[in-house]
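Report on the following structure.
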Amino acid sequence: MTVQKQQAKRPLRADTERTVRTILEAAERVLAANPAATMEQLARATGVARTTVHRRFATREALLDELTGWAARQFAGAVDAARPDAAPLVALYQVTANVLRVKTDWSFAMNRTAEDGHPEAARLHAEVRATCARLFRRAQEAGVLRPDIDLDWTRRVYYGLIHEAAKEGVEGGDADALATRVVDTLLRGAGAPGGLAGA
């Protein structure tokens, strides 16, 4: 293991962590608006000395790699903070709201995570999927979801609803209101009561 990799494993000092977060937040803002932004553009946007940015991240790829990992950690932390083992309906709403906040705040990095093969991000996303699968099983057992529903299909529909809601979040939508819409659409659907009777 190289010295650089050994250093990367050590916890960052509080002031260093603040600087790294400042750099990553600025990079997210710039890249969300212009995914082709150069390292120089990213460094200028941070508000910290350009030498500091280059000392922390030697290349654009190194910065993107850390941004991807950071967003994945925020994503996994948001799911854990929602207490996914709480009462299923409460947990479903809180997980949805928390995830929407992360997907809105880190939209560039979250979209990149799905395609760049980042090992830590892949592991964290797999853990979140497993947590979601447990939550949906508990929701079914508690009667929140129908007993005959296909849970895998239902989760994929849920992910699609979150993806669409996150687009509205990026455009200024409120995460709590969007979470309510996602959960309501998932549980009630779009059909009118008794709508099939008139078919």
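Below is a table of values for the structure above.
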item	result
Boolean, Thr16 is in contact with a His (Cβ under 7 Å, 6 or more places away or on another chain) and at negative phi	no
Flag for Gly172 being in the same structural domain as Leu92 (by TED's automatic domain parsing), modelled with pLDDT under 90 and either assigned to a loop (DSSP other than H, G, I, E, B) or charged (D, E, K, R) (or both)	yes
Filter result for Ala81 (surrounded by fewer than 18 Cβ atoms within 10 Å (Cβ to Cβ) and either within 27 Å of Gly189 (Cβ to Cβ) or in contact with a His (Cβ under 9 Å, 6 or more places away or on another chain) (or both))	no
Those helices (runs of 4 or more DSSP H) lying entirely in segment 24-128 with at least 3 residues more than 19 Å from Val182 (Cβ to Cβ)	39-45, 50-56, 60-81, 107-113
Which numbered condition Ala192 misses (of (1) among the hydrophobic types (A, V, I, L, M, F, W, C); (2) surrounded by 13 or more Cβ atoms within 10 Å (Cβ to Cβ); (3) not in a helix (DSSP H, G or I))	(2)
The one condition in (1) surrounded by 19 or more Cβ atoms within 10 Å (Cβ to Cβ); (2) at pLDDT 95 or above that Trp153 fails to fulfil	(1)
Of all residues making up segment 1-23, the number that are at pLDDT below 55 and either part of a helix (DSSP H, G or I) or in contact with a Cys (Cβ under 6 Å, 6 or more places away or on another chain) (or both)	7
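A quick yes/no check of all residues on (1) touching a residue at least 24 places away in the same chain (Cβ under 8 Å); (2) in the same structural domain as Tyr158 (by TED's automatic domain parsing); (3) farther than 27 Å from Gly173 by Cβ; (4) not hydrophobic (A, V, I, L, M, F, W, C):
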residue	(1), (2), (3), (4)
Glu25	no, no, no, yes
Pro35	yes, no, no, yes
His54	no, no, yes, yes
Trp70	yes, yes, no, no
Leu100	yes, yes, no, no
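The values are calculated or read from the model by the stated rules, or taken from the named source; none is laboratory data. Everything numeric here is computed off the predicted structure, so don't read it as measured data. Cβ atoms come from the backbone with ideal geometry, glycine included; neighbour counts cover every protein chain shown.
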